[in-house]
């Protein structure tokens, strides 16, 4: 029989919070939402949320079930036993850590935490150190393309020139991780610069893309497993988080959403270990997006709430979290909540400052406004469609056109196509099918037919065309 909540001691409260932190970490590594995990054990997603926040207890029987489901290797069983006993010293540490583990000590988490997001051996022997054409995409300095140097953060650093970078990358892949010396700064700069180049090249025809990124990620993880402590751990964990997040983004661009979620989930864990706020927020934003694609507004909202927990004092993160919440509420037709969170996101834009810029290398007022207005347009459109409100849809048109205007003529062509489709869809929801049909023709011409469009644009287009059918204008 559990004691009444009012009778708990501070040590017991800390122990249950520690259990909740571990549960959240193992759930994310399994790629499950709170709703999905709850369904497996007969809990509502709100009950799982309370467990993860330490405001609800569980029994050893349920803890055993959770441990087995999440392949936690006994970690959750032990945490539950400690919490049940109210053992002293059970205060929670970081989400990925056991209590009282030193920052630079042994790897502080149970299980095979250095396992790559997707199975498969490294294919380094099959890939050149610097694939043809990628040298032209290499940055001269970091930060670049949203990536900070794992050693120098926003202060920046030089990226080795292509020939030297290729040698450093090849040596890193060929080294025996158990006997390799410390990770030198030039190698860190080379690995971060190479990832920026891969992101610029994308995963299009002829680009090495996902395969090369995941290959290097596996090598990083082998080195991290061999050197779990000391000063090398943080830059290696940070590189692992950035590479895993990039792999997820490349897979998502290609429409491979299930494997993208696995990559984002593991990226979140490594970014937590490295205290990399920017990658944590980016991964959670992408996970919220994928939950929306899966038609799961509760999970989408849960990921959005996590953004506020990770970076409560950062206005750039606040804006992203508020827009993610607006989009989740819009899925359910909750107009009031949708509009409220959009207003809060826009308010955050007015307060972005130097502290925010030190977290996110890609951050500018214009880039944040672009993200907020594009998300606001989608949220307002979805809410307007749910309740058939043309006036709300016209507000969506304004937001979508604002986002489109913030892109330069030659900037991010895939995003320009996506926003153009979004403007057309907003017109359609506003009961202006002719304007929608005209914009649709422009998009189809730009993509040389629907097959030539990126997967995310095709998905946006599918929603628009399904509405066009209702107006007798599809074709």
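No value in this document is a laboratory result; all are computed from the given coordinates. Source: prediction; values computed, not measured. Every residue, glycine as well, gets a Cβ built from its backbone with ideal geometry; the counts of neighbours run over all protein chains shown.
Taking the square roots of 5 times each eigenvalue of the Cα gyration tensor of the stretch 269-387, largest first, gives ellipsoid semi-axes of 23, 17, 10 Å.
Fully extended, how many nm does the chain gain between residue 275 and residue 258 (0.36 nm per residue separation, minus their Cα-Cα distance)?
3.5 nm is the gain from fully extending residue 275 to residue 258.
A full extension of the chain between residue 136 and residue 388 corresponds to an added length of 85.8 nm, given 0.36 nm per residue minus the alpha carbon distance.
The distance between label points at residue 367 and residue 340 comes to 3.1 nm (points 7 Å beyond Cα on the Cα→Cβ vector). Highest mean packing first, where packing is the average number of other Cβ atoms within 10 Å per residue, the peptides 311-319, 277-285, 400-408 line up as 277-285, 311-319, 400-408. Label point of residue 55 set 7 angstrom out along Cα-Cβ; within the stretch 302-331, amide nitrogens under 15 Å from it belong to 302, 305-306, 309. Sorting 17-24, 37-44, 175-182 by their mean Cβ neighbour count within 10 Å, with the most densely packed peptide first, gives 17-24, 37-44, 175-182.
Using the count of nearby Cβ atoms within 10 Å as a rough guide to exposure, how do 242, 84 rank from fewest to most?
Lowest count first: 84, 242.
Relative protection proxy for 243-251, 71-79, 326-334, from highest mean packing down: 243-251, 326-334, 71-79 (other beta-carbon atoms within 10 angstrom). Shown for 287, 261: other C-beta atoms within 10 Å of each C-beta, ranked fewest to most, produce the order 261, 287.
The length gained by stretching the chain between residue 438 and residue 305 to full extension, at 0.36 nm per residue less their Cα-Cα distance, is 44.1 nm.
Here the spin labels are modelled as points 7 Å beyond Cα on the Cα-Cβ line, and at residue 225 and residue 30 they lie 2.2 nm apart.
With semi-axes defined as the square roots of five times the eigenvalues of the C-alpha gyration tensor, the equivalent ellipsoid of the stretch 8-85 measures 19, 13, 10 Å, largest first.
So what's the gap between the Cα centers of the stretch 242-275 and the stretch 147-190, to the nearest angstrom? For the stretch 242-275 versus the stretch 147-190, the Cα centre distance is 21 Å. Rg/Rh for the stretch 123-275 stands at 0.93; both radii use Cα atoms, and Rh follows the Kirkwood definition. For residue 431 and residue 154, what does the FRET efficiency come to when R0 = 35 Å and r is the distance between their Cβ atoms, rounded to the nearest 0.05? Computed FRET efficiency for residue 431 and residue 154: 0.15.
In plain terms, the residue of 365, 342, 82 with the fewest other Cβ atoms within 10 Å comes first and the most crowded comes last, giving 365, 82, 342.
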